[in-house]
1. Apply the Karplus parameterisation 6.51 cos²θ - 1.76 cosθ + 1.60, with θ equal to phi minus 60°, to every residue of the stretch 18-31 and state each ³J(HN,Hα) to the nearest whole Hz, in sequence, with x for glycine and proline.
2. Taking the chain as a Gaussian network, where each spring joins two C-alpha atoms under 10 Å apart, which residue of VAL79, VAL90, VAL23 fluctuates the most?
3. Length gain on complete extension for the stretch GLU77 to LEU12, per 0.36 nm per residue less the alpha carbon to alpha carbon distance?
4. From the helices alone, meaning DSSP H stretches of at least four residues, give me the mean residue ellipticity at 222 nm for the chain, per-run term -39500 (n - 2.57), in deg cm²/dmol to the nearest 500.
5. 5 Å is the cut-off here: which amide hydrogens, built 1.01 Å from N in the peptide plane, fall below it relative to TYR81, excluding neighbours closer than 5 in sequence?
6. Can you tell which of GLN3, ALA65, ASN22 lies farthest toward the positive end of the dipole of the chain, using +1 and -1 charges on the Cβ of basic and acidic side chains (Lys, Arg; Asp, Glu)?
7. Considering only SER83, PRO110, ALA94, whose Cα is most displaced toward the positive end of the charge dipole of the chain, charges sitting on Cβ of Lys, Arg (+1) and Asp, Glu (-1)?
8. In debye to the nearest 20, how big a dipole does the stretch 1-105 give about its Cα centre with +1 on each Lys and Arg Cβ and -1 on each Asp and Glu Cβ?
Amino acid sequence: MSQEVPKSALDLDEILRRGGANVGDEDFAFAGCPGCGRVFLFEGEADALYLDPHDLGRRHLPAAAAPDLGPCPSCGERVGYRSAATWAEVARSAWVWAVRADAWPRGLRPGPPGRAAP
Ligand SMILES: [Zn+2]
């Protein structure tokens, strides 16, 4: 399944609770590396790329009018503004917490560690 995760699936309250606020009117989405599939959180008001799902203070801010969001820390591929992440990529990532529990498509929501998804 290669369907992109819509912005509406993101848990804005939880992202803000974990310190994800920027300048207000936050507009979050997932971004995916086209090279290796690494998942980032992206905030479109400040153009901030959140690099670490465990530390939302780790952000990359591209230069004004930059053509993309910068190089992927894992593989060096340029991450584009429209490089959306898919459900499968997010499910494999450590960003699972940033998706509302009721937003996961049937069968894709990751189960607790060590248990197979139903
Ligand atoms: Zn990459």
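Here, each number is a calculation from the coordinates, and none is a lab measurement. Just so you know, these numbers come straight off a predicted model, no measurement behind them. Heads up, the Cβs are rebuilt from the backbone with ideal geometry, glycines too, and the neighbour counts pull from every protein chain shown.
1. 8, x, x, 5, 10, 10, x, 6, 4, 10, 8, 8, 8, 10
2. Highest fluctuation of the listed residues: VAL23.
3. Working: separation 65, 0.36 × 65 = 23.40 nm, distance 2.78 nm.
In short, 20.6 nm is gained.
4. Working: 2 runs with 12 residues, N = 118.
When only DSSP H runs of four or more count, the value is -2500 deg cm²/dmol.
5. LEU69
6. The one lying farthest along the dipole's positive direction is GLN3.
7. Farthest towards the positive end: PRO110.
8. Working: 10 positive and 16 negative charges, 66 e Å.
Dipole magnitude for the stretch 1-105 comes out near 320 debye.
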